[in-house]
Amino acid sequence: VARREVWRLMARFSTFRRTNIILQHLRMSKHTDAAGDVLLERKGCAGVITLNRPKFLNALNLDMIRQIYPQLKRWEQDPETFLIIIKGTGGKAFCAGGDVRAIAEARKTKQKMPQDFFREEYMLNSAIGSCQKPYVALIHGITMGGGVGLSVHGQFRVATEKSLFAMPETAIGLFPDVGGGYFLPRLQGKLGYFLALTGFRLKGRDVYRAGIATHFVDSEKLSMLEEDLLALKSPSKENIADVLESYHTESKIDKDKSFVLEEHMDKINSCFSANTMEQIIENLRQDGSSFALEQLKVINKMSPTSLKITLRQLMEGSSKTLQEVLTMEYRLSQACMF
């Protein structure tokens, strides 16, 4: 009887152990199988990139970058792929930025990951900027930092009433990277300088009005728009633009509202046109309007070093190519990290 009991316990233990090993494997595959974090599919005439970390607002990690980059290059060379679409799952965010927590953890343990992450992220930004195929980013929901890098350098960027754009880096001791030094100084007047230094958030149609998005579409029509794009037969860039334009024209949400910063653009252009942070702060102080004083309050909460780096980054970037800006930003990122 004792022996039978031992056999029974051993059998139970081995089943338990086997179950445990299976569970462990599943956990590991879930953890290391980054394929789940980003989906790369051929659909109709397009290559579709889906950022798939809704719990983390689709924050971009190194594994995701390492899957997107080679696939983007393959689709660019593939004669059967006529456009590339990038979108996020979960409805809340397109991509809330780079996975800063993972970078910070790696930095603590002296890993090489921060170097790799920034280098490979910027290589991806550059590949998007030079992509030979029409690239359509559906920037529905939160689009910040790294998410801006995945979208703003592409040919078409579609915002919805749920879009929320910001470059909040000066608040965390960084600078608006991912090519921010290229696209921000090229926005109207000094708008880009204002957005970069204050981290001001643009919402909905204002993302389009500011020039971050190229089109604006009602969020409920977004899946129809995507279906129409995928259904195109061997489309040219013009065919794709026509579909986007037709949805854009149909959209009535906030159509009659003026740009949220419209009435402040003169102040933004005059106050933020200085070459030093000290002078910008002095300009805002002298202006004395409630808008100017509000910006002063915001700027005072930011990292002073980040503010100075950012201003210089934008001034330098205003006359550089995207490639040159990304090289400069990589060097800056490493100086900020170590």
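List every residue pair whose Cβ atoms lie under 8 Å apart, where the two residues are 6 or more positions apart in sequence or sit on different chains, the first residue falls within the stretch 264-281 and is free of Cβ contacts under 8 Å to residues at least 12 places away in the same chain, and the second residue, located anywhere, is of a type in the set (A, V, I, L, M) and open to solvent by less than 70 Å² (accessible area, probe 1.4 Å). Matching pairs, first to second residue: Ala274/Ile280.
Could you please let me know if Lys110 is open to solvent by 30 Å² or more (accessible area, probe 1.4 Å), among the basic types (Lys, Arg), out of contact with any Pro (no Cβ under 8 Å at 6 or more places or on another chain) and at positive phi? Working first, answer last.
On the way: open to solvent by 30 Å² or more (accessible area, probe 1.4 Å): yes; among the basic types (Lys, Arg): yes; out of contact with any Pro (no Cβ under 8 Å at 6 or more places or on another chain): yes; at positive phi: yes.
Yes, satisfied.
One line per residue, one yes/no per condition, for (1) farther than 27 Å from His215 by Cβ; (2) not β-branched (Val, Ile, Thr):
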{"residue": "Ile253", "(1), (2)": "no, no"}
{"residue": "Glu263", "(1), (2)": "no, yes"}
{"residue": "Lys267", "(1), (2)": "yes, yes"}
{"residue": "Thr276", "(1), (2)": "yes, no"}
{"residue": "Ile280", "(1), (2)": "yes, no"}
{"residue": "Gly288", "(1), (2)": "yes, yes"}
{"residue": "Asn300", "(1), (2)": "yes, yes"}
{"residue": "Leu307", "(1), (2)": "yes, yes"}
{"residue": "Leu322", "(1), (2)": "no, yes"}
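Checking Lys92, Lys108, Lys73, Lys87 one by one, the residue that is over 20 Å from Leu39 (Cα atoms) and either of a type in the set (Lys, Arg) or touching an Asp or Glu at 6+ places or on another chain (Cβ under 8 Å) (or both) is Lys108 and no other. Scan (1) at pLDDT 95 or above; (2) within 26 Å of the chain's Cα centre (by Cα) for the single condition Cys271 breaks and write down its number. Result: Cys271 passes all but (2).
Taking residues in the stretch 293-315 that are small (Gly, Ala, Ser), and partners anywhere that are modelled with pLDDT of 95 or more and not in a helix (DSSP H, G or I), the pairs with Cβ atoms closer than 6 Å and at least 6 places apart or on different chains are Ser306/Phe175. Of everything in the stretch 75-102 that is in contact (Cβ under 8 Å) with a residue 24 or more places away in the chain and assigned to a helix (DSSP H, G or I), the residue that is nearest to Leu322 (Cα to Cα) is Glu76.
Residue count for the stretch 281-338 under the criterion of being open to solvent by 40 Å² or more (accessible area, probe 1.4 Å), outside any helix (DSSP H, G or I) and of a type in the set (S, T, N, Q): the result is 3. Annotation note: of Ala46, Ala11, Ala34, the sole residue that is modelled with pLDDT under 60 and within 30 Å of Glu227 (Cα to Cα) is Ala34. Gly199 versus (1) touching a Ser or Thr at 6+ places or on another chain (Cβ under 7 Å); (2) buried (at least 24 other Cβ atoms within 10 Å of the Cβ); (3) closer than 26 Å to Glu316 by Cβ: which is the lone unmet condition? The number of the failed condition is (2). For the condition among the small types (Gly, Ala, Ser), outside any loop (DSSP other than H, G, I, E, B) and in contact with an Asp or Glu (Cβ under 7 Å, 6 or more places away or on another chain), Gly181 qualifies.
Residues are listed down the side, and each one gets a yes or a no for (1) of a type in the set (A, V, I, L, M); (2) in contact (Cβ under 8 Å) with a residue 60 or more places away in the chain; (3) part of a helix (DSSP H, G or I):
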site	(1), (2), (3)
Glu120	no, no, yes
Cys131	no, no, no
Leu138	yes, yes, no
Ser151	no, yes, no
Gly154	no, yes, no
Asp177	no, yes, no
Pro185	no, yes, yes
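The number of residues in the stretch 111-144 that are touching a strand residue (DSSP E or B) at 6+ places or on another chain (Cβ under 8 Å) and at pLDDT 95 or above comes to 15.
Is it the case that some residue within the stretch 255-274 is basic (Lys, Arg) and surrounded by 14 or more Cβ atoms within 10 Å (Cβ to Cβ)?
yes
So in the stretch 58-102, with the set limited to residues that are among the aromatic types (Phe, Trp, Tyr) and open to solvent by less than 20 Å² (accessible area, probe 1.4 Å), which one is farthest from Ser234 (Cα to Cα)? By that ranking, first place goes to Phe94.
The values are calculated or read from the model by the stated rules, or taken from the named source; none is laboratory data. This structure is a prediction, so every number in the text was calculated from the model and none was measured. Note that each Cβ is placed from the backbone with ideal geometry, even for glycine, and that neighbours are counted across all protein chains shown. Side chains are part of the model used for accessible areas, which takes the heavy atoms of the whole protein and leaves out ligands, DNA and RNA. Shrake-Rupley method; radii C 1.70, N 1.55, O 1.52, S 1.80 Å.
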